[in-house]
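Data block below; observations after.
Quick note: the coordinates plus some simple rules give every number you see, no bench work behind them. Keep in mind that what you see is a predicted model, and the values were worked out from it rather than measured. Cβ atoms come from the backbone with ideal geometry, glycine included; neighbour counts cover every protein chain shown.
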Amino acid sequence: MNDKLFGTIVGIVIVLFILFLPIGVHADPIVTQATSDSTVTNTTNTTTRIKTNPPSAISPSINSSNSDLCTVGVSGAVQTQILGISTGQAYRDANCERLKISKVLYDMGMKVAAVSVMCSDFRVYDAMMKAGTPCPFDGKIGQEAKELWKDNPRQVPKKENVKSMDRGEFLEKLMSGILGVVLLAMLAM
């Protein structure tokens, strides 16, 4: 065996001996001691007596999951200790119907008829005129339709005015609401 290999082995043995040499640590141990005494006494006496079923007003559910219907469902219920009232109703959405009719006509290749249906809304009519492509009039399109619309202003779709509530109407509705809440509170007592 050559000296270099022998020296390496001796070096490794010495390093291992030093690493695994037990080194004693002389320290005082830490001692912790705790004592606890407790006594819990619990006595519960519960009596429940149900004389009547709780009142409930359940508002009707209105199915609006079918995307082919142009309706909006509204329902509500109020319940007091004495009286319960529930109601519900479905309302038609005219704009949704107009869009669906127009889409079906367009899909059937009736493009002028589809645009005519959409033009029954003043907003669409106004946009088409401003874009330079007037709505069809009695089957006529383009410049001919524009001249016919000018000659027949009574047939232009009516602009829907959004009515704002005046102060008197607002106060009347506010007082009606407050009176309704007070009456319901009196019924609950």
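Placing dummy labels 7 Å off each Cα toward the beta-carbon, the span from S164 to D93 is 2.8 nm. Cα extents for the range 94-155 along the principal axes, largest to smallest and rounded to whole angstrom: 30, 22, 20. One decimal place: the segment I85-D107 gains 3.3 nm when fully extended, by the rule 0.36 nm per residue minus the C-alpha distance.
The trypsin sites (Lys or Arg not before Pro) of the range 92-189 meeting both criteria, a DSSP state outside H, G, I, E and B (loop) and at most 15 other C-beta atoms within 10 angstrom of the site's C-beta, are K158, K159, K163. The stretch between T43 and V182 holds 45.7 nm of extra length on full extension. This uses 0.36 nm per residue minus the Cα-Cα distance. Taking 0.36 nm per residue of separation and subtracting the current Cα-Cα distance, fully stretching the chain between I12 and K173 would add 48.2 nm.
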